[in-house]
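See below for the structure under consideration.
No lab work stands behind these numbers, since they all come straight from the coordinates. Note that the structure is predicted; figures quoted are calculated from it, not measured. Neighbour counts are summed over all protein chains in view; Cβ atoms, including those assigned to glycine, are modelled from backbone coordinates with ideal geometry.
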Amino acid sequence: MGQNNLLEHAKEIWHKAYVPYSKFRVGAAIRTKSGKIYQGCNIENAAYPVTCCAERVAIFKAISEGELEFDRLAVVADTDRPVPPCGSCRQVLSEFCEPHMEVEIANLKGDVKVMTMEQLLPFSFTPKDLEAGQEG
Ligand code: THU
């Protein structure tokens, strides 16, 4: 697998999704500015709301290894249209990914849509907004 083929990394980990409840697999791969790739799949739980999406697993793995700068994300599922990342993931990603960063969203049929973070989550709440509204 080519080191730069981020989508292939997302497809590879798609198989490892732990989805006994939804039976809906998602794979993600995020690349750091230094070129390292971290893969993530969705991990569900009998207590449904604590499920973690593939995108968050990928970025949390990277952050926990000390990575803070990202340049591309790929996400894939077996859907009719390229799989849209959920709102919670968009917010988490927006904390670390710059507005112009591209996200490659895809399905297993080969449809691919490339969107920027800004397009996925316009007018997002940022650390600057938090700082501006804090007391003291
Ligand atoms: N899921 C993801 O992993 N990423 C998304 O952006 C959409 C939803 C997962 C969560 C859950 O395991 C399953 O898909 C069904 O919602």
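The figures follow:
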| item | result |
| --- | --- |
| Summed residue charge, Cβ within 9 Å of E104's Cβ, Lys/Arg positive, Asp/Glu negative | +1 |
| Gained length - T51 relative to V19, 0.36 nm times residue gap less alpha-carbon distance | 10.6 nm |
| Alpha carbon Rg of the range 1-43, scaled by the compact-globule rule 2.2 N^0.38 Å | 1.22 |
| Nonlocal Lys pairs with alpha-carbon distance under 26 Å, the chain (8 or more apart, or different chains) | 21 |
| Compactness index (Cα Rg / 2.2 N^0.38 Å), the range 6-133 | 1.02 |
| Within the chain, percent of DSSP bridges classed antiparallel, to nearest 5 | 70 percent |
| Calculated over the range 50-111: convex hull of Cα atoms, volume per residue (Å³) | 96 Å³ |
| Net charge of Cβ neighbours under 13 Å - reference D71; Lys, Arg +1; Asp, Glu -1 | -1 |
| Quarter of the Cα convex hull surface for the range 5-73, i.e. its orientation-mean projected area (nm²) | 4.5 nm² |
| Loop-exposed chymotrypsin sites (Phe, Trp or Tyr not before Pro) per DSSP, neighbour cap 16 Cβ within 10 angstrom, longest uninterrupted part of the chain | 25-122 |
| Loop-located GluC sites (Glu not before Pro) in the range 32-82 whose Cβ has at most 16 other Cβ within 10 Å (DSSP) | E65, E69 |
| Total formal charge among the other residues, if their Cβ is under 12 angstrom from that of K33, Lys/Arg +1 and Asp/Glu -1 | -1 |
| Sum of -39500 (n - 2.57) over DSSP H runs of 4+, divided by residues of the chain (222 nm, nearest 500) | -8000 deg cm²/dmol |
| Residue of P122, P84, P49 that the Gaussian network model of the chain assigns the largest fluctuation, springs spanning Cα pairs under 10 Å | P49 |
| For the chain: relative contact order, % (alpha-carbon pairs under 8 angstrom, 6 or more apart) | 19 percent |
